[in-house]
Amino acid sequence: MSQVHIYDHPLIQHKLSIIRDKNTSVKEFRELVSEIASLMCYEATRDLQTEVIDVETPIGPAKARHLSGKKLAVVPILRAGLGMVDGILKLVPSAKVGHIGLFRDPKTLEPVKYYCKMPNDIANRDVLVLDPMLATGGSASAAITFIKEYGCRHIKLLNLIGAPEGIARMQQDHPDVDIYIAAVDEKLNDHGYIVPGLGDAGDRIFGTK
Ligand code: PRP
Ligand code: URA
């Protein structure tokens, strides 16, 4: 069974309270999604491997740790996942970026794939999949199934807000993928929106409604 890491950090919860507010502007929403992604990245990368190296400080020799394990790739689920990319790349600037375009069919709520481009060496990288919303879990599950077809084995999912239904779906379909999430809300409504959630994340990031 995968682990669900829920962020109770005050900074994350404070920023989340602002993006939930329907009166928050597109500009502020976008900035805060990116900031929350940075804060989440900090914790989600806690298990990265390091090795001890020798460096020369202005005062003298020192032992220091630098990253030594597999390199990272981030894969946003389009569109809304794009809003989290810059926040992650601020902390991990050498990560490569793959893209998966999925939209939910409004009637069936099933994900429909329309785009995919992955780094050539993605199989050799640890992968962070990004999407602000985990509703039914259909999009995240389909994206991760697809990423696994490239040979990726170490995958984490980063979301801002999820519903219990999405968590259950992910744990059933991908028990090997840990979920890093800022809040798990009450339920889904009849249209598959998270209640209370924050509305349509893609529309709020890109100002399309
Ligand atoms: C949203 C969201 C997720 C998906 C979550 O994308 O960004 O990808 O819905 O729902 P699910 O867990 O039920 O699959 P949407 O389909 O609205 O596309 P968009 O990002 O292009 O707006
Ligand atoms: N997609 C969103 O953007 N918001 C939801 O609440 C559910 C799916």
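Hey, which lysines would be in cross-link range of K22, C-alpha to C-alpha under 24 Å, not counting anything within fewer than 8 residues on its own chain?
K187, K209
Amide H neighbours of L78 under 5 Å, at least 5 residues apart or on other chains, H built in the peptide plane: list them.
Here the answer is I100, G101, L102, since their amide H atoms fall under 5 Å of that of L78.
Based on the alpha-carbon gyration tensor of segment 139-209 and its eigenvalue square roots a ≥ b ≥ c, which shape applies: rounded if a/c is under 1.5, prolate if not and a/b is larger than b/c, or oblate?
Numbers: a/c = 2.19, a/b = 1.56, b/c = 1.40.
Verdict is prolate for segment 139-209.
Ranked highest first by average number of other Cβ atoms within 10 Å, how do 129-139, 26-36 line up? Intermediate results must be reported in sequence, preceding the final value.
Numbers: 129-139: 25.7, 26-36: 18.5.
Top of the packing list down: 129-139, 26-36.
With the radius of gyration and the Kirkwood radius both derived from the Cα set of the chain, what is their ratio Rg to Rh?
Details: Rg = 17.6 Å, Rh = 17.6 Å.
Taking Rh as the inverse mean 1/r over Cα pairs, Rg/Rh reads 1.00.
Can you list the aspartates and glutamates whose alpha carbon sits under 18 Å from that of K70, skipping same-chain ones fewer than 8 residues off?
By straight Cα distance, K70 reaches E43, D47, E51, D121, D126, D176, D178.
What are the trypsin sites (Lys or Arg not before Pro) within segment 58-140 that DSSP puts in a loop, where the Cβ has at most 10 other Cβ atoms within 10 Å?
K107
Over all distinct Cα pairs, what is the inverse of the mean 1/r for segment 1-116, reported as the Kirkwood hydrodynamic radius in Å?
17.1 Å
Calculate, in nm to one decimal, what K148 and V52 gain on full extension: separation in residues at 0.36 nm each, minus their alpha carbon distance. Numbers along the way, then the final one.
On the way: separation 96, 0.36 × 96 = 34.56 nm, distance 3.16 nm.
Contour length minus Cα-Cα distance gives 31.4 nm.
Can you list the lysines whose alpha carbon sits under 17 Å from that of K71, skipping same-chain ones fewer than 8 residues off?
K90, K96, K148, K156
Mind checking the log10 I(q)/I(0) for segment 76-116 at q = 0.20, 0.22 Å⁻¹? Debye, one equal scatterer per Cα, no solvent, two decimals.
Per q value, in the given order, log10 I(q)/I(0) is -0.64, -0.71.
Rule-based calculations on the coordinates, nothing more; no lab input. Computed from a prediction, not measured in an experiment: that's the story for all the values here. Cβ: placed from backbone, ideal geometry, glycine included. Neighbour counts: every protein chain shown.
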